[in-house]
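Chemist: One structure is given below, represented as structure tokens, and several questions about it will come after.
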Amino acid sequence: MSTASAIIETGPQWHLHRFDQVDDQDFSQTRWLHLSEELYRQASFLDQRIEPQALATATLSLQRAVQFLNGDPSPAPATRFIFHLGHCGSTLLSRALAASPDILPLREPLTLRQLATRQTQQPMNDSLLALVMDAHARVFRECQVAVIKATSICNNLIEPVLASRPDVKAVGMYVSLETYLAGLLGKQSPALDLRGHAPARLADWRQIPGAPALQPETMNDAELAVLAWLTGMRHLVAAAATAPGQFQMIDFQALLESPESCLTTTAEFFDHPDSVPAIIRQWPDISIGYSKKPDEPYSAFNRMKTLQRGRMVRGDEITHGLRWAESLISKLPSLESCQSYLD
């Protein structure tokens, strides 16, 4: 059996990790990691941070990878997605759903981030998207479904992902802009996250018709947070309006206030109602750990304290951010649907 056929035919044990450029050619090579099901369940990030834990690695040309996946006669299982704004409970939701053995979590695969970045520079490559969808849809058992939690800068993929296959479903997690500002500004080091993803968000911002030029290096934390929220939120509300059968929005606050109802609705929307008992049973334990590092304690109370700190210490910046967002929305018709989610 060739390396290519072994990787494709053994299912999710071989994870499509990333695309590489060879000799300056656009995405001409694929990198694969051998992962156990337990690694999938534990990992908060399937990006460069998972590489040291891989059991083995392999490289295939993009052409070979596409050839073998396209030649697989079995239809790819229906895939589910969690899109989000960042810092709004998406990892917590992923871990809660993964309490069911019938749900296989894939958290922040690097390939999606690569496609999202590429999408801001050139039209979507359908063959690349199909390869990612097919590779990440593979599961260990027939009863399983893959639930992919994208990175927060991947919301520009929602439309092509939903359009690619009618059986794909996704949820979009969000918080109001006021809560988003309070949460980020209440953290010890908000700038690290905000400035790290600023180039990708700025590239997405430039796709908005009539969007004014922005210079991240001159923007304060509140303005960077507004940029992050607006660029992400516009894709969520657009998907909810145009594809309600495939996409639903989830307010993080609703998950915290009514977890059983929210988790039940989500599992049923993802066509896995039989998973609800296991999810609800393990929610109390899952909800008291920091979702990205489950061994560290964290809870709704900790989140409330962070929000209070942000509102108390940086209230003027929050007010400035809200007013700036309102000003931008008033000038850009494509952002009008975000208005009702400001506070």
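The values are calculated or read from the model by the stated rules, or taken from the named source; none is laboratory data. Source: prediction; values computed, not measured. Glycine gets a Cβ as well: all are built from the backbone with ideal geometry, and neighbour counts include every protein chain shown.
Chemist: Would you tally the residues in region 303-321 being part of a helix (DSSP H, G or I), farther than 19 Å from T91 by Cβ and in contact with a helix residue (DSSP H, G or I) (Cβ under 6 Å, 6 or more places away or on another chain)?
Modeler: 6
Chemist: Of these, A254, A267, which one is small (G, A, S), in a helix (DSSP H, G or I) and in contact (Cβ under 8 Å) with a residue 12 or more places away in the chain?
Modeler: When all the criteria are applied, what remains is A267.
Chemist: Still on this model: Tell me, yes or no, whether region 292-302 has at least one residue that is assigned to a helix (DSSP H, G or I) and either touching a Leu at 6+ places or on another chain (Cβ under 8 Å) or touching a residue at least 24 places away in the same chain (Cβ under 8 Å) (or both).
Modeler: yes
Chemist: What about P277, is it part of a loop (DSSP other than H, G, I, E, B) and out of contact with any Asp or Glu (no Cβ under 7 Å at 6 or more places or on another chain)?
Modeler: Here the answer is no, as P277 does not meet what is asked.
Chemist: Sticking with this structure for a sec: Just for region 145-202: of the residues that are part of a helix (DSSP H, G or I), in contact with a Pro (Cβ under 8 Å, 6 or more places away or on another chain) and not small (G, A, S), which one is nearest to T231 (Cα to Cα)?
Modeler: The selected residue is L202.
Chemist: Is it the case that S287 is over 30 Å from Q339 (Cβ atoms), of a type in the set (S, T, Y) and at pLDDT below 95?
Modeler: Taking the combined requirement at face value, the residue satisfies it.
Chemist: State all residues of region 271-299 that are surrounded by 15 or more Cβ atoms within 10 Å (Cβ to Cβ) and either among the aliphatic types (A, V, I, L, M) or closer than 12 Å to A96 by Cβ (or both); if no residue qualifies, say none.
Modeler: S275, V276, A278, I279, I280, Q282, W283, I286, S287, G289, S291, P294
Chemist: Looking only at helices (runs of 4 or more DSSP H) that lie completely in region 1-116, which have at least 2 residues being at pLDDT below 90 and surrounded by fewer than 16 Cβ atoms within 10 Å (Cβ to Cβ)?
Modeler: The qualifying helices (runs of 4 or more DSSP H) are 3-9, 62-70.
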